[in-house]
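Here's the structure, in structure tokens; my notes come after.
The values are calculated or read from the model by the stated rules, or taken from the named source; none is laboratory data. Note that the structure is a prediction, hence the values are computed from the model and not measured. We place every Cβ from the backbone using ideal geometry, glycine too, and count neighbours over all the protein chains shown. Side chains included, ligands, DNA and RNA excluded: accessible areas come from the protein's heavy atoms. Shrake-Rupley method; radii C 1.70, N 1.55, O 1.52, S 1.80 Å.
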Amino acid sequence: MKQIEKVHLEQFEKNPEIVASAPGRFHLMGENTWFFRDKALSLAVDVSVYISISKRDDSVVRVYFSQLDDMKKINLSALKFRKEDRWANAVKAVLYGFVSGGFTLGGMDITIYSEILPSAGFGITTAIKVAAAKAIWTLFDLKLNDSTMVQVIERGNRLFLMQENHNADNFAAIYAKAGNFICTDYYKNSYELIPFNFSDMKILIVDAKVPRYEMWNRESLYEPENALILGDLREEKPNRFGGWQYINNVTDINEALSEVSKDTRRKLLCVIREHGDVMDAITACSKSDFMHFARAVNHSHESLRDFFDLSCPEIEWLVKRVSEIDPTIEDIRNPVSCGRITGKGFARCMYAFLRNDDVEKFRQKLSEYEHIFGFKPDCYEVHSADGVKILNA
């Protein structure tokens, strides 16, 4: 916090009145099934974004991103999306969310401090939005609560940025608690904290630095008729987490998917498998059973690779190195580690759960990765974190 206060003072010649922070995050599984009103399992991590803010006497909003050494000037009365503004559009979306909701704001000086840039993923853009919303809400003493803040961010996403609003992103940054995964239920538009106790494991996230590109047109899958097909394959299970599951009768599933193309069938099967993996991971967490949790994670990665075509040689190489740290035939069924690609659509990131003694072994493999593929990866050891908070209240 002291660092951002120093930067704010240097840039704006005044101390900030409010400092807020929001965590980064990654999705363990389910991030590609939101359209089908399914579930996503996420983890907020201590890769934090800090926002400092102070009032101005005019109606001007100045925003400075410390790590980019970039200053933007924003007009509250004429908020416009500009592609070239990149990171600043996230702040403008939050301002739009407030103004379009009837809230009155004034001029502000805002500093953003994040050691990981939004381009890396890990939920940094969402963390900027959430920390900014919390800081603005507190600065102007607005009559909000966390639920209202979700609505502010959603308006900014849908109406200003003209993009889908993913509650799994927002909920992780707002409601997270250390020592818990967070499960977003898109059907109920709700979340639930999932305690986990894997105290002997370390969590790593890796930016493989592979150029981002789409392997397939996701919008071709996100069609109402496909959602109806999967809806017909659900059955209520009051004792099951979330109250439902997909049927497990292979004949009925094949019959329901018989009229879609082969490619669409594979991807819809992946959605069904992914839901099962989320459920298995949650069950394993309730029993502090890392082996079955790891099997669910590894199975989810295989589904994204084989059915969704969302992996690439670089990510596959990294995930394989995780599985080979303790390579025995028995550990294929009883894994002591796990890893998976992460990110909506095609991503260049992966995460891994490793035993304490295996972390250095994996890090040593990253130098081989750079030699083979020519990309220098970034690897971060992270810990579970709480959601957004005011630091100087």
Mind checking whether some residue in the range 40-48 is over 30 Å from Asp277 (Cα atoms) and open to solvent by 10 Å² or more (accessible area, probe 1.4 Å)?
-> no
Could you look through the range 186-212, keep only residues that are over 18 Å from the mean Cα position of the chain (by Cα) and more than 29 Å from Asp289 (Cβ to Cβ), and pick out the one that is modelled with the highest pLDDT?
-> Val210
When you go through (1) within 17 Å of Phe12 (Cβ to Cβ); (2) at pLDDT below 95 one by one for Ile112, which number turns out not to apply?
-> (2)
Quickly run through the range 98-147 and pick out the residues that are surrounded by fewer than 23 Cβ atoms within 10 Å (Cβ to Cβ), of a type in the set (A, V, I, L, M, F, W, C) and under 22 Å from Ser384 (Cα atoms).
-> Ile116, Leu117, Ala120
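Here's a check for you: in the range 301-312, which residue that is outside any loop (DSSP other than H, G, I, E, B) and open to solvent by 50 Å² or more (accessible area, probe 1.4 Å) is nearest to Leu269 (Cα to Cα)?
Once the filter is applied, the top-ranked residue is Asp306.
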With the condition kept exactly as written, say whether any residue in the range 249-266 is part of a helix (DSSP H, G or I), closer than 22 Å to Ala40 by Cβ, in contact with a Lys or Arg (Cβ under 9 Å, 6 or more places away or on another chain) and open to solvent by less than 60 Å² (accessible area, probe 1.4 Å).
-> no
Of Thr342, Thr328, the only residue that is open to solvent by less than 40 Å² (accessible area, probe 1.4 Å) and either at pLDDT below 95 or under 30 Å from Ser147 (Cβ atoms) (or both) is Thr342
For residues that are outside any helix (DSSP H, G or I), open to solvent by less than 30 Å² (accessible area, probe 1.4 Å) and among the polar types (S, T, N, Q), tally how many sit in the range 148-179.
-> 1
Which of the residues spanning the range 350-393 are touching a residue at least 40 places away in the same chain (Cβ under 8 Å) and in a loop (DSSP other than H, G, I, E, B)?
-> Phe375, Lys376, Pro377, His383, Ala385, Asp386, Gly387, Val388, Leu391, Asn392, Ala393
How many residues does the range 230-248 hold that are loosely packed, with under 12 Cβ neighbours inside 10 Å and of a type in the set (S, T, N, Q)?
-> 2
Condition test on Leu230, is it assigned to a helix (DSSP H, G or I), farther than 18 Å from Leu354 by Cα and touching a Leu at 6+ places or on another chain (Cβ under 7 Å)?
-> yes
Any hit, the range 337-345, residues being outside any loop (DSSP other than H, G, I, E, B) and more than 16 Å from Phe26 (Cα to Cα) | no
Val60 meets each of (1) touching a strand residue (DSSP E or B) at 6+ places or on another chain (Cβ under 9 Å); (2) buried (at least 16 other Cβ atoms within 10 Å of the Cβ); (3) hydrophobic (A, V, I, L, M, F, W, C); (4) without any contact (Cβ under 8 Å) to a residue 60 or more places away in the chain with one exception, condition (2)
Output the residue which, of all residues in the range 95-123 that are among the hydrophobic types (A, V, I, L, M, F, W, C) and not in a loop (DSSP other than H, G, I, E, B), is farthest from Val45 (Cα to Cα).
-> Val99
May I ask you to list pairs of residues, at least six apart or on different chains, whose Cβ atoms are under 6 Å apart, with the first in the range 68-88 being under 20 Å from Gly107 (Cβ atoms) and open to solvent by less than 70 Å² (accessible area, probe 1.4 Å) and the second being among the hydroxyl-bearing types (Ser, Thr, Tyr) and modelled with pLDDT of 95 or more?
-> Leu79/Tyr96
Name every residue in the range 45-94 that is at pLDDT 95 or above and assigned to a helix (DSSP H, G or I), in order of residue number.
-> Ala88, Asn89, Ala90, Val91, Lys92, Ala93, Val94
Residue list for the range 175-184, restricted to those being touching a helix residue (DSSP H, G or I) at 6+ places or on another chain (Cβ under 6 Å) and not polar (S, T, N, Q) | Ile182
Count of the range 213-240 residues which are basic (Lys, Arg), over 21 Å from Val250 (Cβ atoms) and either at pLDDT 90 or above or in contact with a His (Cβ under 6 Å, 6 or more places away or on another chain) (or both) | 0
Restricting attention to the range 276-300, which residues are open to solvent by 10 Å² or more (accessible area, probe 1.4 Å), out of contact with any strand residue (DSSP E or B) (no Cβ under 6 Å at 6 or more places or on another chain) and part of a helix (DSSP H, G or I)?
-> Gly276, Asp280, Thr283, Ser286, Phe290, Met291, His292, Arg295, His299
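Can you work out which of the residues in the range 216-227 that are outside any helix (DSSP H, G or I) and open to solvent by 60 Å² or more (accessible area, probe 1.4 Å) is nearest to Arg305 (Cα to Cα)?
So, considering only residues that are outside any helix (DSSP H, G or I) and open to solvent by 60 Å² or more (accessible area, probe 1.4 Å), the one nearest to Arg305 (Cα to Cα) is Asn217.
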